[in-house]
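First comes the structure, then the notes that go with it.
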Amino acid sequence: MSHCLRRGLQQCTRTLDVGRRLSDKRTQPKDPLVDLHAVHKEWKSSGFHPRAPAYVVKHGAKCLQVQMAHARLTDHVFGAKDYRMFPLPAQYGDKQVDFGTLLTPTTAANPPQVDWDHVPADPQKKYSLILYSPDCSNCNLHWWQTNISPGDDVTNDVTQLHDYIPPVPLKGTGFYRYVLLLLRQDSDLLGVVPVDRLSKLPELIAEHSLSPVGIAFFQAAWDESVGRILAEKLGADEKQFIAERPKLSSEFYAEELFLRKEWEMKTDFM
């Protein structure tokens, strides 16, 4: 067989092969063979959901690392020190606290309900529950419950070192981050003198030998209750923190979205 004839047959073969593949693509169904909506529905009902206990225990720590890095909590809260933690289920009334949920100070006026049954805990150890803000200039330590045993009611059956102060983000300063932490104690914190509410978390962890094991965090912006909270809880006048300046267009837009409740971080991992 001559060289030209062989080249011609090879070209014909390639042309027929391309045509066959195009014909196969035209005959394939346009809709996917797997109904993704049905799979997602079954996935949620089967318990393999990010908020399900089995998922939280297995994948919660990895999801938290991503969220904490995004919110810069590792640097601003823990002093760039990395801890292995699990999601801490908490809610204010009917508002679930996820990774960065937006709340108003009015919604968070009372202590949250915390369910830490699914956070791995040592029954022989005591725990602390702390609400901390790295952004607030007049109150970093908003709440500190100590000597909590697994199964205790964190609002009643414990020693309260600092009573609860709701979020107090100042007017015109945007959203503040608030971190709810469950920390393992090396020993009972009995006779501990209440510390300054402006204390930094890394210092408290080192001084009292605490180990963070659970975390939830949310964001809050100013509303009309902040002035009353500052006066009643901190003895401060809100007017001394207000600096008169024109608002930026981005601030108007953020406030509009917040008031319309159309902007909220979601944590539905897939």
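Inspect all residues belonging to segment 137-146 and state whether any of them is aromatic (Phe, Trp, Tyr), in contact with a Phe, Trp or Tyr (Cβ under 6 Å, 6 or more places away or on another chain) and more than 21 Å from residue 67 (Cβ to Cβ).
So the first thing to find is which residues in segment 137-146 are aromatic (Phe, Trp, Tyr), and the list is 143-144.
Now narrow it down to the ones that are in contact with a Phe, Trp or Tyr (Cβ under 6 Å, 6 or more places away or on another chain): 143.
Restricting the remaining residues to those that are more than 21 Å from residue 67 (Cβ to Cβ) gives 143.
Yes - at least one qualifying residue is present in segment 137-146.
In this structure, does residue 137 turn out to be in a loop (DSSP other than H, G, I, E, B) and of a type in the set (S, T, N, Q)?
On the way: in a loop (DSSP other than H, G, I, E, B): yes; of a type in the set (S, T, N, Q): yes.
Criteria met by residue 137.
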Members of segment 85-131 found to be closer than 17 Å to residue 165 by Cα and assigned to a loop (DSSP other than H, G, I, E, B), listed by number: 93, 104, 105, 106, 107, 108, 109, 110, 111, 112
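Would you tally the residues in segment 160-185 being of a type in the set (Ser, Thr, Tyr) and either part of a loop (DSSP other than H, G, I, E, B) or out of contact with any Ser or Thr (no Cβ under 8 Å at 6 or more places or on another chain) (or both)?
The initial filter retains those residues of segment 160-185 that are of a type in the set (Ser, Thr, Tyr), namely 164, 173, 176, 178.
In the following step, the residues that additionally are either part of a loop (DSSP other than H, G, I, E, B) or out of contact with any Ser or Thr (no Cβ under 8 Å at 6 or more places or on another chain) (or both) were identified as 164, 173.
Result for segment 160-185: 2.
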Pair list, Cβ under 6 Å, 6 or more apart: segment 92-120 residue under 14 Å from residue 155 (Cα atoms), other residue modelled with pLDDT under 85: 111/155; 114/154
Residue in segment 123-146 that is touching a residue at least 12 places away in the same chain (Cβ under 8 Å), open to solvent by 10 Å² or more (accessible area, probe 1.4 Å), over 17 Å from residue 214 (Cα atoms) and more than 16 Å from the chain's Cα centre (by Cα) present: yes
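Looking at residue 179, is it crowded, with 20+ Cβ neighbours inside 10 Å and over 29 Å from residue 121 (Cα atoms)?
Values: crowded, with 20+ Cβ neighbours inside 10 Å: yes; over 29 Å from residue 121 (Cα atoms): no.
No, not satisfied.
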Restricting segment 153-176 to residues that are open to solvent by 70 Å² or more (accessible area, probe 1.4 Å) and over 20 Å from residue 107 (Cβ atoms), the residue that is modelled with the highest pLDDT: 160
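Results for (1) modelled with pLDDT of 70 or more; (2) surrounded by fewer than 10 Cβ atoms within 10 Å (Cβ to Cβ); (3) of a type outside the set (A, V, I, L, M, F, W, C); (4) over 30 Å from residue 122 (Cα atoms), shown as yes or no for each residue.
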residue	(1), (2), (3), (4)
185	yes, no, yes, no
189	yes, no, no, no
205	yes, no, no, no
229	yes, no, no, yes
Pair list, Cβ under 7 Å, 6 or more apart: segment 194-223 residue free of Cβ contacts under 8 Å to residues at least 60 places away in the same chain, other residue assigned to a helix (DSSP H, G or I) and surrounded by 15 or more Cβ atoms within 10 Å (Cβ to Cβ): 195/204
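Out of 181, 161, which single residue is in contact with a Gly (Cβ under 8 Å, 6 or more places away or on another chain) and at negative phi?
Values: 161 fails: in contact with a Gly (Cβ under 8 Å, 6 or more places away or on another chain).
It is 181.
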Matching entry among 152, 188, 196, 223 (being within 23 Å of the chain's Cα centre (by Cα) and either closer than 24 Å to residue 87 by Cα or not in a helix (DSSP H, G or I) (or both)): 223
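The values are calculated or read from the model by the stated rules, or taken from the named source; none is laboratory data. Nothing here was measured: the structure is a model prediction, and the numbers come from that model. Cβ sites come from the backbone with ideal geometry, for glycine too, and all protein chains shown count toward neighbours. Ligands, DNA and RNA are stripped out before the accessible areas are found, and what is left, the full protein with its side chains, is counted by its heavy atoms. Shrake-Rupley method; radii C 1.70, N 1.55, O 1.52, S 1.80 Å.
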